[in-house]
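Visitor: This is the structure I have questions about; it appears just below.
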Amino acid sequence: MICIQQVSKTFDQGRSFAVQEVDLEVGAGEFLVLLGESGCGKTTLLKMINRLVEPSRGRILVEERDVCRVDPVVLRRGIGYVFQGVGLFPHMTVAENVAVVPRLLNWEPSACRDRVDELLRLTGLSPRTHRDRKPHELSGGQRQRVGLARALAARPRIMLMDEPFGALDPMTRDGLQREFKRLQQTLNLTVVMVTHDMTEALLLADRIAVMKQGVLVGTGSPGQVLRNPSHPYIAALMETPRRQADQVESILRSGGEGK
Ligand SMILES: Nc1ncnc2c1ncn2[C@@H]1O[C@H](COP(=O)(O)OP(=O)(O)O)[C@@H](O)[C@H]1O
Ligand SMILES: [Mg+2]
């Protein structure tokens with residue numbers, strides 16, 4: 001579905017590389033999580049898939065077509081994108097935000113309206129209550145749902161998501177994560193999601209790709225990266241969720257009566 005071949009990106013004529021010689025394939029219907037510390041190149045790699053950033057070297061194929069040879073507007077129609085920090089248009093209503101792409105595609109107004117309501121319900125919002133609100137009249141979780149609805153509007157088969165749940169409180173995040181995972185399975189979406197949260201990666205991913213300083217250090221299923229990491233850096237990253245799980249486990253074993 002997505003095939004990244006020897007892709008590098010430099011913003012300073014080769015003095016440094018934000019992304020360096022990355023090879024990665026994402027299968028149809030796969031949920032791939034790009035995991036790594038802040039600044040390691042996750043967003044840059046993600047944006048090269050829909051050409052918000054042009055690769056300096058290498059090649060990216062989406063559904064067998066070289067993204068650099070496709071009209072970027074056409075390319076982006078088939079790929080939903082959820083921005084880091086949501087990025088809703090503040091002066092537009094929820095309905096207008098969700099309908100941005102359908103309008104660009106010249107859908108009939110009634111088709112836009114129906115699709116907006118369908119998407120709001122799909123992402124857990126009430127059309128009647130929310131469609132005419134402005135983003136500042138929503139909670140963080142609701143804004144994130146609108147961002148999701150907007151990305152899904154033109155029925156993309158691929159979703160690129162940049163830390164979509166990063167700014168939410170833990171309970172809201174947990175709820176939305178689980179709903180989105182269900183949605184991804186129902187719609188059979190191919191997802192590339194960026195996060196620096198190890199637990200989130202473990203809970204959502206079919207496969208985790210770990211990056212460090214622009215380099216892809218390894219990939220594996222959640223079970224593999226926990227039990228049999230292919231690189232010491234991956235093992236080190238997994239220490240935190242592992243320790244937390246052990247602590248929770250030990251509280252449970254002790255019957256919850258202290259440590
Ligand atoms: N438009 C840009 N111009 C110059 N440098 C950039 C640009 N975008 C990202 N970078 C640099 O590339 C590196 C990777 O950034 P980014 O992909 O945003 O990392 P991440 O998403 O993992 O936090 C960082 O050193 C960042 O400063
Ligand atoms: Mg980023």
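The values are calculated or read from the model by the stated rules, or taken from the named source; none is laboratory data. Being a predicted model, the structure only gives us computed values, none of them experimental. As a convention, Cβ positions derive from the backbone with ideal geometry for all residues, glycine included, and neighbour counts pool all protein chains shown.
Visitor: If you scan region 150-202, which residues turn out to be of a type in the set (S, T, N, Q) and touching a helix residue (DSSP H, G or I) at 6+ places or on another chain (Cβ under 8 Å)? If you could, list the steps in order and put the result at the bottom.
Guide: Filtering region 150-202 down to residues of a type in the set (S, T, N, Q) leaves 172, 177, 184-186, 188, 190, 195, 199.
Listed by number, the residues that qualify are T172, Q177, T195, T199.
Visitor: All but one of (1) within 25 Å of R77 (Cβ to Cβ); (2) outside any loop (DSSP other than H, G, I, E, B); (3) within 16 Å of ligand 1 (Cβ to nearest atom) hold for V146, so report the exception by its number.
Guide: Result: V146 fails condition (3) only.
Visitor: Go through (1) buried (at least 22 other Cβ atoms within 10 Å of the Cβ); (2) within 13 Å of ligand 1 (Cβ to nearest atom) for R15 and report which single condition fails.
Guide: R15 satisfies all of (1) buried (at least 22 other Cβ atoms within 10 Å of the Cβ); (2) within 13 Å of ligand 1 (Cβ to nearest atom) except (1).
Residue-wise test of (1) at pLDDT below 90; (2) on the phi < 0 side of the Ramachandran plot.
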residue: L176; (1), (2): yes, yes
residue: T186; (1), (2): no, yes
residue: L189; (1), (2): no, yes
residue: M193; (1), (2): no, yes
residue: H196; (1), (2): no, yes
residue: L202; (1), (2): no, yes
residue: R207; (1), (2): no, yes
residue: V210; (1), (2): no, yes
residue: Q213; (1), (2): no, no
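Visitor: A further question on this structure: Looking at region 1-12 only, could you name the residues that are surrounded by fewer than 21 Cβ atoms within 10 Å (Cβ to Cβ), at pLDDT 95 or above and of a type outside the set (G, A, S)? Please lay out each step first, then the result.
Guide: Residues of region 1-12 surrounded by fewer than 21 Cβ atoms within 10 Å (Cβ to Cβ): 1, 3, 5-6, 8, 10-12.
With the extra rule that they be at pLDDT 95 or above, the set shrinks to 3, 5-6, 8, 10-12.
Residues satisfying the conditions are C3, Q5, Q6, T10, F11, D12.
Visitor: On the basis of being in contact with a Phe, Trp or Tyr (Cβ under 8 Å, 6 or more places away or on another chain), farther than 25 Å from L45 by Cβ, surrounded by 15 or more Cβ atoms within 10 Å (Cβ to Cβ) and free of Cβ contacts under 8 Å to residues at least 60 places away in the same chain, does R133 make the cut? First the steps, then the outcome.
Guide: Values: in contact with a Phe, Trp or Tyr (Cβ under 8 Å, 6 or more places away or on another chain): no; farther than 25 Å from L45 by Cβ: yes; surrounded by 15 or more Cβ atoms within 10 Å (Cβ to Cβ): yes; free of Cβ contacts under 8 Å to residues at least 60 places away in the same chain: yes.
Spelling it out, it is not the case that R133 is in contact with a Phe, Trp or Tyr (Cβ under 8 Å, 6 or more places away or on another chain), farther than 25 Å from L45 by Cβ, surrounded by 15 or more Cβ atoms within 10 Å (Cβ to Cβ) and free of Cβ contacts under 8 Å to residues at least 60 places away in the same chain.
Visitor: Looking at (1) surrounded by fewer than 22 Cβ atoms within 10 Å (Cβ to Cβ); (2) basic (K, R); (3) within 16 Å of ligand 2 (Cβ to nearest atom), which is the only condition K42 fails?
Guide: (1)
Visitor: From the list E54, E21, E30, which one is within 16 Å of ligand 1 (Cβ to nearest atom) and in contact with a strand residue (DSSP E or B) (Cβ under 7 Å, 6 or more places away or on another chain)? Before the answer, list the steps.
Guide: Values: E54 fails: in contact with a strand residue (DSSP E or B) (Cβ under 7 Å, 6 or more places away or on another chain); E30 fails: within 16 Å of ligand 1 (Cβ to nearest atom).
Sole residue among the options that is within 16 Å of ligand 1 (Cβ to nearest atom) and in contact with a strand residue (DSSP E or B) (Cβ under 7 Å, 6 or more places away or on another chain): E21.
Visitor: Read through the list (1) farther than 23 Å from L204 by Cβ; (2) under 20 Å from the mean Cα position of the chain (by Cα); (3) within 16 Å of ligand 1 (Cβ to nearest atom), then give the number of the only condition that L35 fails.
Guide: (1)
Visitor: Could you go through region 157-166 and let me know if any residue there is more than 29 Å from V74 (Cα to Cα) and touching a Leu at 6+ places or on another chain (Cβ under 9 Å).
Guide: no
Visitor: On to the next question. Restricting to helices (runs of 4 or more DSSP H) lying wholly in region 150-250: which have 3 or more residues that are buried (at least 20 other Cβ atoms within 10 Å of the Cβ) and within 16 Å of ligand 1 (Cβ to nearest atom)?
Guide: Counting at least 3 such residues, we get 198-204.
Visitor: Any residue in region 4-16 that is free of Cβ contacts under 8 Å to residues at least 40 places away in the same chain and within 16 Å of ligand 2 (Cβ to nearest atom)?
Guide: Yes, because at least one residue in region 4-16 is free of Cβ contacts under 8 Å to residues at least 40 places away in the same chain and within 16 Å of ligand 2 (Cβ to nearest atom).
Visitor: List every residue pair whose Cβ atoms lie under 9 Å apart, where the two residues are 6 or more positions apart in sequence or sit on different chains, the first residue falls within region 158-170 and is free of Cβ contacts under 8 Å to residues at least 60 places away in the same chain, and the second residue, located anywhere, is in a loop (DSSP other than H, G, I, E, B).
Guide: Qualifying pairs under 9 Å: F165/D197.
Visitor: Keeping to region 84-95, report how many residues are crowded, with 18+ Cβ neighbours inside 10 Å and modelled with pLDDT under 95.
Guide: Of the residues in that region, 2 qualify.
Visitor: For region 72-88, indicate whether the set of residues that are under 19 Å from L203 (Cβ atoms) and either more than 15 Å from the chain's Cα centre (by Cα) or in contact (Cβ under 8 Å) with a residue 40 or more places away in the chain (or both) is non-empty. If you could, list the steps in order and put the result at the bottom.
Guide: Kept after step one, since they are under 19 Å from L203 (Cβ atoms), are these residues of region 72-88: 82.
Add one more test, that the residue is either more than 15 Å from the chain's Cα centre (by Cα) or in contact (Cβ under 8 Å) with a residue 40 or more places away in the chain (or both), and what stays is 82.
So far as region 72-88 goes, yes, one or more of its residues are under 19 Å from L203 (Cβ atoms) and either more than 15 Å from the chain's Cα centre (by Cα) or in contact (Cβ under 8 Å) with a residue 40 or more places away in the chain (or both).
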